[in-house]
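Here the structure comes first, spelled out in structure tokens, and everything after it is commentary.
The values are calculated or read from the model by the stated rules, or taken from the named source; none is laboratory data. Values in this document were obtained by computation on a predicted structure and should not be read as measured data. So basically every Cβ, Gly included, is an ideal-geometry build from the backbone, and we count neighbours across all protein chains shown. The area values use the complete protein model at the heavy-atom level, side chains included, leaving out ligands, DNA and RNA. Shrake-Rupley method; radii C 1.70, N 1.55, O 1.52, S 1.80 Å.
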Amino acid sequence: MPGIGEFVLLHVIRKVEGDQAAWERTVREVETGLERARSPLERAGVPVRTLIRFGRPCREICDAATDEQVGMIMMSRYGKMDYLRQVPLGATTSEVTLHTRVPVLVACTEIRLTVSVRELGGSEVLYMYAVVPLVNFYASLGFVSIKEKELPASIRQRYAWALGNLKGTNVYPMKRMSG
């Protein structure tokens, strides 16, 4: 690859829900993905370094570009959630192009999503906020309405701006027990 001295592969972990084990599992999964991306580049004779950062993706990407003195940022056109929403340019990619002074090459990569379905096991509980029009649908799948204070803090904080008054938010907290 003429003109490319080194690739720096970066993955930004936004946040990890759960305990230390969940955090370690997430980091291992990211390391595995970075290694999969690294191998073909190294086989092509290009030096590659991998970085993992934590925080807001745009800020971390722009900071890494500055810290590593890169000549170009290459990003996918969109991420998985942007793909599902069918937007022309993903939120993070769009934000990076606005905040960096480094040229950005936007790659139109193919995204392959895998849907995995499994029944809850043991004493697992699934919590969620359901939009009002879908409350009956989720009830048919075994979800029951609960008080907001029964939700785990990590889920409750998504609607913290409502200050405990969900009436105007068009959502209801629900949970589903295993079995």
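Each residue in region 26-49 was checked for being assigned to a loop (DSSP other than H, G, I, E, B), at negative phi and either open to solvent by 40 Å² or more (accessible area, probe 1.4 Å) or at pLDDT 90 or above (or both), and 2 pass.
Listed residues Leu89, Leu10; which is open to solvent by 50 Å² or more (accessible area, probe 1.4 Å), among the aliphatic types (A, V, I, L, M) and part of a loop (DSSP other than H, G, I, E, B)?
Numbers: Leu10 fails: part of a loop (DSSP other than H, G, I, E, B).
Checking each option against the conditions leaves just Leu89.
Of the strands (runs of 3 or more DSSP E) lying entirely inside region 96-179, those containing at least 2 residues that are free of Cβ contacts under 8 Å to residues at least 40 places away in the same chain and surrounded by 13 or more Cβ atoms within 10 Å (Cβ to Cβ) span 104-107. Inspection of region 17-25 finds no residue satisfying the criterion of being in contact with a strand residue (DSSP E or B) (Cβ under 9 Å, 6 or more places away or on another chain), open to solvent by less than 40 Å² (accessible area, probe 1.4 Å), within 30 Å of Ala153 (Cα to Cα) and assigned to a helix (DSSP H, G or I).
Scoring Ile52 on the criteria (1) open to solvent by less than 90 Å² (accessible area, probe 1.4 Å); (2) assigned to a helix (DSSP H, G or I) leaves a single failure, condition (2). The residue that is modelled with the lowest pLDDT, among those in region 64-82 that are surrounded by 16 or more Cβ atoms within 10 Å (Cβ to Cβ) and either hydrophobic (A, V, I, L, M, F, W, C) or part of a helix (DSSP H, G or I) (or both), is Asp82. For region 135-151, the criterion of being of a type outside the set (Val, Ile, Thr) and under 23 Å from the mean Cα position of the chain (by Cα) is met by at least one residue.
Out of Thr32, Thr100, Thr26, I need the residue that is touching a helix residue (DSSP H, G or I) at 6+ places or on another chain (Cβ under 6 Å) and polar (S, T, N, Q). Which one? Give the derivation first.
Details: Thr32 fails: touching a helix residue (DSSP H, G or I) at 6+ places or on another chain (Cβ under 6 Å); Thr26 fails: touching a helix residue (DSSP H, G or I) at 6+ places or on another chain (Cβ under 6 Å).
Result: Thr100 is the single residue among Thr32, Thr100, Thr26 that is touching a helix residue (DSSP H, G or I) at 6+ places or on another chain (Cβ under 6 Å) and polar (S, T, N, Q).
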